[in-house]
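Each remark here refers to the structure printed beneath this line.
The values are calculated or read from the model by the stated rules, or taken from the named source; none is laboratory data. If you're wondering where the values come from, they're calculated on a predicted model, not measured in any experiment. Virtual Cβ from ideal backbone geometry, glycine too; neighbours counted across all protein chains shown.
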Amino acid sequence: STKFGRIAKIMPEAARQGMAKAGMALLRDCIMDPDTVPLEEGTLRASGMVFVEDQLIGTSKDLGADGPLTEIGVPRKNTVTVTVGFNSPYAVYQHEGMRKDGSFVVENYSEPGSGPKFLENKLAENAEDYMRLAAQEAARVAQRLLPTKGGGSRGPKS
């Protein structure tokens, strides 16, 4: 097979891992960088999740230096989607700052530096950084997975 053929086979996996890393970075930013996810008891922050192609990649509890990046399977289609969100019963209410019908407007968040639109604003403010992170991670993974001329994979550089 040609070099292009080998690259075409590994790029979906590389793209998934890149998007997983970017999704975990967005989740981490929502929790740790002001304006943050509101905190009273910690339930909302603990409910954060990242999915790539409907597969759970990590949760708020997994946040660390690099997030829970593990080998994940080949995607089912030519696009890669990442979903980042919070699933506590009141997540939407806190994010929007009011109930869906406009009632019960949140006037005071319990922690300074927290507030509404904690997910939406982080994505808008840092979209280029997340895309750059995804591309860099995809390139790193592709380089690691790309077979050498001798047939083996390149290992990590020492």
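Go through the stretch 30-45 and give me each residue that's out of contact with any Phe, Trp or Tyr (no Cβ under 9 Å at 6 or more places or on another chain) and at pLDDT 80 or above.
Result: Met32, Asp33.
Does the stretch 113-145 hold any residues that are more than 30 Å from Lys9 (Cβ to Cβ) and without any contact (Cβ under 8 Å) to a residue 12 or more places away in the chain, and which are they?
If the condition is that a residue be more than 30 Å from Lys9 (Cβ to Cβ) and without any contact (Cβ under 8 Å) to a residue 12 or more places away in the chain, then Ala124, Glu125 are the ones that fit.
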